[in-house]
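Shown next, in structure tokens, is the structure this report addresses.
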Amino acid sequence: MSDPRAQLDALREAIVAASPAQAAQWLMLVDALDKDMATLAAQRDRLRQDVEDAEHARDAANLARMKVMGQLNTLQKTLAAAVPEVPSGKDAQSDAQRRVEWLLKNGGTDPAAAEAAKAAEMDAPMPGRAVLEAVIAGERKFTKAQLEFSIAEAMVLTGWQMTPLELTQKGEPWLAELILQNQADLA
């Protein structure tokens, strides 16, 4: 597609050359069209930026939703591991409440349950503080799900200035440090 402004310039030249009597009137119309096109181009650019901003806001909201769902899932799995005496039912919220009640009544001092709860936390798809600190210290790596989540969170935290590949190349300890710093800022 050729540049519309070049076409308008060619039209101007043709108008001036073809009919000098009406050239001024036609050139005013062409100038008005040129101005309208510039206005439309600026509006289009603003709309593109608005769409990009909306996509970033959507991605940030999705990440926040994933965080909450991940925290809830981790908490439910941790409670299930800590209180295996309470069987799972159809309603995870009711199960969690029954497990908390059991812990309150029985004191929850079983070391095996505490270890199972810690293991559930370390394998959760959304890395918690313990996982982040272990990755920073070089004691472990992210699981695949934790790495995917961490890259998504890092994209939001860096304002989408880096691609997933660039973030991955920074290394897992760098990602963990970025996320841990953000968690500390929110506390």
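The values are calculated or read from the model by the stated rules, or taken from the named source; none is laboratory data. Please read all numbers here as calculations on a predicted model, not as lab measurements. Using ideal geometry, Cβ is built from the backbone for each residue, glycine included, and neighbour counts are taken over all protein chains shown. With ligands, DNA and RNA removed, areas are computed over all heavy atoms of the protein, side chains included. Shrake-Rupley method; radii C 1.70, N 1.55, O 1.52, S 1.80 Å.
Residue check: Leu47 meets all listed conditions (1) within 22 Å of the chain's Cα centre (by Cα); (2) over 30 Å from Thr168 (Cα atoms); (3) touching a residue at least 12 places away in the same chain (Cβ under 8 Å) but one, namely (3).
Of the numbered criteria (1) under 29 Å from Asn182 (Cα atoms); (2) of a type outside the set (Lys, Arg); (3) modelled with pLDDT of 80 or more; (4) open to solvent by less than 60 Å² (accessible area, probe 1.4 Å), the one Glu55 fails is (4). Checking each residue in region 63-99 for being open to solvent by less than 40 Å² (accessible area, probe 1.4 Å) and of a type in the set (A, V, I, L, M, F, W, C) picks out Leu63, Leu79, Ala80, Ala81, Ala82, Val83, Val86, Ala96.
The one condition from (1) among the aromatic types (Phe, Trp, Tyr); (2) more than 29 Å from His56 (Cβ to Cβ); (3) under 27 Å from the mean Cα position of the chain (by Cα) that Trp102 does not meet is (3).
If only residues of region 64-96 that are closer than 27 Å to Gln183 by Cα and charged (D, E, K, R) are counted, the one that is modelled with the highest pLDDT is Arg65. Among the residues of region 21-44, those identified as open to solvent by 70 Å² or more (accessible area, probe 1.4 Å) and either among the hydrophobic types (A, V, I, L, M, F, W, C) or in contact (Cβ under 8 Å) with a residue 40 or more places away in the chain (or both) are Ala21, Trp26, Met28, Leu29, Leu33, Leu40.
Taking the condition aliphatic (A, V, I, L, M), closer than 28 Å to Ile151 by Cβ and modelled with pLDDT of 80 or more, does Ala124 pass? Yes. For region 176-187, which positions are without any contact (Cβ under 8 Å) to a residue 40 or more places away in the chain and open to solvent by less than 60 Å² (accessible area, probe 1.4 Å)? Passing the criteria: Leu178, Asn182, Ala184. Would you check if Trp160 is outside any helix (DSSP H, G or I) and within 26 Å of Ala60 (Cβ to Cβ)? Yes; evaluated as a whole, the condition is true for this residue.
State which residue is modelled with the lowest pLDDT when the search covers only region 127-146 and only residues that are out of contact with any Leu (no Cβ under 6 Å at 6 or more places or on another chain) and crowded, with 19+ Cβ neighbours inside 10 Å. Only one residue fits best here, namely Pro127. Total residues in region 102-126 satisfying the condition of being open to solvent by less than 90 Å² (accessible area, probe 1.4 Å) and part of a helix (DSSP H, G or I): the figure is 13. Just to be sure before I move on: is Gln22 out of contact with any Ser or Thr (no Cβ under 7 Å at 6 or more places or on another chain), of a type in the set (S, T, N, Q) and farther than 30 Å from Ala145 by Cα in the structure I sent? Judged against the criteria, Gln22 is a match. Taking the criterion of being assigned to a helix (DSSP H, G or I), free of Cβ contacts under 8 Å to residues at least 12 places away in the same chain and farther than 18 Å from Ala145 by Cβ, the residues of region 56-101 that qualify are Ala57, Arg58, Ala61, Gln93, Ser94, Gln97, Glu101.
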